[in-house]
1. Can you pull out every residue in segment 203-238 that is farther than 18 Å from Lys157 by Cα and exposed (fewer than 13 other Cβ atoms within 10 Å of the Cβ)?
2. Tell me which residues, restricted to segment 213-235, are of a type in the set (A, V, I, L, M) and farther than 15 Å from Gly143 by Cβ.
3. So for segment 92-100 (the condition being in contact with an Asp or Glu (Cβ under 8 Å, 6 or more places away or on another chain) and among the aliphatic types (A, V, I, L, M)), does at least one residue qualify?
4. With the requirement that a residue be surrounded by fewer than 17 Cβ atoms within 10 Å (Cβ to Cβ), touching a helix residue (DSSP H, G or I) at 6+ places or on another chain (Cβ under 8 Å) and of a type outside the set (Val, Ile, Thr), what does segment 55-68 give you?
Amino acid sequence: FIKKYGLFLLVFSYVLGSITVPGIWYSTTVASPRGISALIHSFVWKWATEWVFFVIEVVGVYMIIYLVGKVDRATHLRISIIFGIASYGTMLIIIGILSFMMWPGKPEWFTEGGYLNGFYGANTFAQLAMRTAFMFTMTAVVGGVVAGAIKDAAFKKEITRKLALLGMVSTVAGGLLLQWYMATLPESAQVIAENRLPEWFAMSLVVTLGGIFAWFAATWLQPRLLTPSIAMGMTVAVLVFGLWPEEVARESLRKPYVAGQYVYSNQVIARDVPGLGIASEIPLIERQGFLPSQVFVPDNLREVTAHNALEAGRSLALTTCSNCHSLSPTGMRPLANYFGGNSDVAMVKTYLQGALGTGNTIYMPHIPLNDDEAYALARFIVSLNAPASPQPVVRTAAAAAPIKE
């Protein structure tokens, strides 16, 4: 059982992980370069420490698999314990960084800096406890894939019941610790949880946890119900209906920030961080405008004119909106859907300057658009609702005529 479980762990977590993780790093760097930069610059030695633990993990999982029956049980147990400690160390570091993405551990981090101030906080330990519980839940779920293939009926019954007991206890513990985790979230996240998450979200968590508990209870009462195909289906179901919604919700709760409550999801620096020598970019945008202050905006779109307004609006939508909103009719939170098909450019412009320009919408970044930029963005948003409207193409040169509404 240990050898087969270790082999499943090796293939699923390490082989597939080594294939997908480079793609994840690449995509996150492209989508949120400043967010990734904030994490690396704040915790560079934590990342280095995590890699040390990871190397121990990789060596350890191979030793666990290939030393079964070749060393005595006590030695194999010691290897397994070292592997477990290294894996838990990796989780601790990653959770500390994930907690920082929600908000820094201590308020002093903003003024004094220091990775310990940013790393350790109430949210860190609450999230660690919750994920520890659900880690054992996943251990039991995945263990069922291996246990279901055991031929010896008595041994299968023993392993299945042990996994079921572990799963039931950890599922209940995880559900309780989730409440602790929610209580440690910043006020902005609490407001978003109450007002922006779907009404069915809380009930879906209860149903999911109840379904997982019921599965473990059923396999404890009737171990013969456990087969490899059913166990694999349950593993996929837990990943899709259990982990995925929680991760999506966590991403939503930290809006409008992507890291440390100072980097907006659209990569604008939102506040001063004296401890790191970082200054807010909001005053610069207020003075110069958004387009002139951005690095990757084409030169011919830095000033909005009558001829390039639609193109400039699309550029604004790409830089200010597309991290959270799809610019097409499909995808995550299509931008056009939030304006009810409104075709009044002036009305949309007024809304944008109220919602973005004042910073009073708790889940939206504070982006003080000037009149020309607000008009350009409003015009592009209205064009999304127009039937068969062509997407603007960036020109090589723009006319200099001023905008006239």
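Values quoted throughout were computed directly from the atomic coordinates according to the rules given, and no laboratory measurement underlies them. Just so you know, these numbers come straight off a predicted model, no measurement behind them. Note: ideal-geometry Cβ built from the backbone for every residue, glycine included; neighbour counts use all protein chains shown.
1. Met203, Val206, Val207, Gly210, Gly233, Val236
2. Hits for segment 213-235 are Ala214, Ala217, Ala218, Leu221.
3. yes
4. Within segment 55-68, Tyr62, Leu67 meet the criteria.
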